[in-house]
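Data first, discussion second: the structure below is written as structure tokens.
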Amino acid sequence: SRITRVVRRTTLAAAPDMRVLARHAFRRSNLTVSCARAFSAYPHAVVLPKDSNQALGIGQYAIDFINGKYGETVDDKVWERIEMFHTDSVMCGVSALAMKTNAPTVLRNEALTYKDSNGATVFGSGEKVSPEKAVVANASAVREWDSNGTVFGYNPSIPGHTAGEFGHNDFYPVVVAAAQVTGSIDGKKALRAMIASDEIRGRLAEVFSLKSYKIDHVVHGAIASAAVYGALLGATPEQIESAIGMAVAHYIPFRAIRAGRGATPEQIESAIGMAVAHYIPFRAIRAGRDLSDSKGSSAAISTEAAVLSMRRAMAGFAGPKDIFRNPESIFRFFEPTTGSTASNKDIIDITLGNKQRWGPGDAPFNLVLSHSGSDFAVMGMHFKLGLYEHQSAGALQGVVNAVLGNPDLLSAGPAGVKGIEITAYEPAYGIIGDPAKKDPQTRQSADHSMAFIVSRMLLKAFKTDAASLSDNNAAWKLLMLSPYDYGHEALWDKDTREMMQKISFKHGGPEYDAKYPDGIPTAMDISLESGKTISSGLVMYPSGHARDTAADLKGILHHKA
């Protein structure tokens with residue numbers, strides 16, 4: 001079941017510079033469906049304009065790209081990067097199971113009760129189970145540590161692709177499951193499908209910010225999962241469109257199921273029956289001081305629903321069509337394209353007053369999906385060099401910067417630290433800088449507490465031989481946070497608890513906010529009892545960030561594995 005390593009060498013001509021989208025007219029492509037068009041500025045991509053059926057277009061893109069329609073045109077570094085992200089995710093998943101973490105263990109045991117000789121396997125077993133159960137178990141394991149890849153949904157080279165939605169590389173088990181179900185997918189095609197999954201998910205994160213409406217980011221991954229799973233199993237574009245419609249409408253049960261023609265009482269009844277807690281992935285799973293298994297398994301459970309939707313669509317179930325232009329789906333509901341102006345896009349107005357939104361209209365965005373070259377979404381995704389919430393990466397780089405070349409800090413020890421002020425941007429300031437998170441009670445809460453995360457790394461530095469902290473790469477390896485840094489002993493460690501109380505947060509205001517999500521703008525000032533202040537300086541691109549070029553990424557990830 002292991003994905004075969006693929007090493008390819010392709011020489012590509014340099015793609016033309018990006019130009020402003022509005023300067024170029026649409027021209028029809030030769031796709032069998034009319035929803036996909038090409039812009040002269042994007043010869044390496046398929047563009048799904050806002051006035052087209054984008055769900056159908058995503059289905060056609062997945063089928064075409066995965067089956068090699070565009071030839072051998074993917075740059076070498078894209079293949080290398082997808083291998084790195086997939087390997088990193090598998091290591092995270094296997095580690096979570098080896099440490100007997102709760103949610104992955106529960107879901108794995110559940111999956112093993114759903115025997116299916118034509119199905120897929122869970123980590124550590126050769127017994128085949130229903131594919132959606134293998135997916136939910138493996139994706140939960142991959143995500144459990146919150147230590148796999150991250151996307152910030154930001155590509156300024158494409159107009160309109162800067163929405164800044166989060167996301168993580170949790171969805172590769174979908175591809176592996178499809179390969180096991182069919183038995184005819186080789187490593188090269190599987191890796192291509194993983195690129196497609198990240199492309200769809202990553203580009204949606206660039207054009208629609210789910211978090212702005214308190215919806216969890218996993219919806220974009222569910223859409224990509226339905227498309228890729230269907231494409232690998234031979235589904236038609238229409239069947240993929242149906243599955244995407246179900247994944248969005250049934251499992252986020254807005255009234256999209258009632259919009260348009262053809263929705264029967266039986267379909268509505270089915271949607272109501274399926275619309276249980278996890279299939280409404282609002283960010284309630286992330287609220288509160290102490291987080292539950294639901295947070296870590298959100299992507300896995302939404303993806304289970306996506307795979308199940310695809311299986312139902314291929315069996316003949318007709319889900320909502322044209323979901324991105326559906327006026328009652330989340331996309332036009334929250335970002336209406338009719339009956340509302342930029343000055344009155346208030347949620348209450350949208351919900352109660354904007355009756356015109358119900359009629360025909362465009363989707364809120366154009367969508368650009370690469371098929372050639374190197375400008376794929378996966379190239380803008382970030383690695384986590386250890387176990388920490390991705391918004392804290394700038395602060396951790398601040399710790400590394402402060403430690404390197406400052407023997408006074410290391411010699412001072414924990415008692416010599418008077419205070420630590422961290423200046424950060426929104427959403428980091430609001431998500432993991434909450435003062436209530438200085439008293440985490442669970443591992444899931446601790447890895448979303450900047451005070452805890454920074455305290456653990458700094459305390460490790462105090463216990464490390466200063467001479468061994470020779471440079472940035474050595475520091476990240478030696479100070480890397482592991483699952484043991486969030487175990488019971490670490491959670492209640494006296495020094496950690498004391499250090500957390502010395503940490504204060506400051507919102508950097510518009511200056512910092514404007515630099516995100518291009519970077520992770522963070523600064524740290526450590527005041528010593530001696531009166532000296534050690535500053536990290538402004539951190540924009542910490543090690544592991546897609547725009548960082550200084551770190552030995554492969555070496556650090558090898559150490560992490």
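What to note about this one:
- Checking the Cα-Cα distances for K477/K532; K463/K532; K77/K554; K100/K188 against a 24 Å cut-off, the pairs over it are K477/K532; K100/K188.
- In the assembled protein chains, E421 presents an accessible area of approximately 70 Å² (probe radius 1.4 Å).
- Annotation for T533 and D408: the two label points, set 7 Å from Cα along the Cα-Cβ direction, are 1.3 nm apart.
- Under 5 Å, built H, 5+ apart or other chain: amide partners of V417: E529
- For the range 146-159, putting each phi into the Karplus relation 6.51 cos²θ - 1.76 cosθ + 1.60 with θ = phi - 60° gives couplings of 6, 10, 9, x, 9, 10, 10, x, 9, 9, x, 6, 10, x Hz, in residue order, rounded to whole numbers and with x for Gly and Pro.
- Once backbone amide H atoms are built at 1.01 Å from N, S543 has no partners under 5 Å, excluding neighbours fewer than 5 places away on the same chain.
- Share of carbon and sulfur in the accessible area of the range 374-475 stands at 51%, probe radius 1.4 Å.
- Rolled with a 1.4 Å probe across the full set of protein chains, the surface gives L553 an accessible area near 40 Å².
- Charge tally in the Cβ shell below 14 Å around G531, where Lys, Arg are +1 and Asp, Glu are -1, G531 excluded: -1
- Accessible area per residue for the range 385-457 is 25 Å², calculated with a 1.4 Å probe on protein heavy atoms, without ligands, DNA or RNA.
- What the range 102-204 shows is 26 Å² of accessible area per residue, with the surface traced by a 1.4 Å probe over protein heavy atoms.
- Over 29 Å (Cα to Cα) - which of K50/K384; K506/K560; K295/K438 fall in this group: K50/K384; K506/K560
- Remark: the A436-E80 segment gains 124.1 nm on full extension, using 0.36 nm per residue and subtracting the alpha carbon distance.
- Karplus-derived HN-Hα couplings along the range 371-380 (A = 6.51, B = -1.76, C = 1.60, θ = phi - 60°), whole Hz, x at Gly and Pro: 10, 8, x, 10, 7, 9, 4, 4, 6, x
- Per residue, the accessible area of the range 37-93 comes to 26 Å², computed with a 1.4 Å probe over protein heavy atoms only.
- Spin-label model distance (nm) - R547 vs Y114, 7 Å beyond Cα toward Cβ: 4.1 nm
- Put D146, D439 in order of accessible area, highest first, and with a 1.4 Å probe you get D439, D146.
- The H on the amide N of V74, modeled in the peptide plane, is under 5 Å from the matching H of G373, each at least 5 residues off or on a different chain.
- The range 400-533: C-alpha gyration tensor shape, a/c 1.5 cut-off, then a/b vs b/c: rounded
- Derived scalar couplings ³J(HN,Hα) [the range 197-209; Karplus, 6.51 cos²θ - 1.76 cosθ + 1.60; whole Hz; x for Gly, Pro]: 4, 5, 5, 5, 4, x, 6, 4, 5, 7, 10, 9, 8
- Each Lys or Arg adds one and each Asp or Glu subtracts one; over the other residues with Cβ under 14 Å from the Cβ of A193, this totals 0.
- Percent carbon-and-sulfur accessible area, the range 139-183, ignoring ligands, DNA and RNA, probe 1.4 Å: 54 percent
The values are calculated or read from the model by the stated rules, or taken from the named source; none is laboratory data. Owing to the predicted nature of the structure, the values given are computational and were not obtained by experimental measurement. Heads up, the Cβs are rebuilt from the backbone with ideal geometry, glycines too, and the neighbour counts pull from every protein chain shown. These area figures cover heavy atoms from the full protein model, side chains too; ligands, DNA and RNA do not enter into them. Shrake-Rupley method; radii C 1.70, N 1.55, O 1.52, S 1.80 Å.
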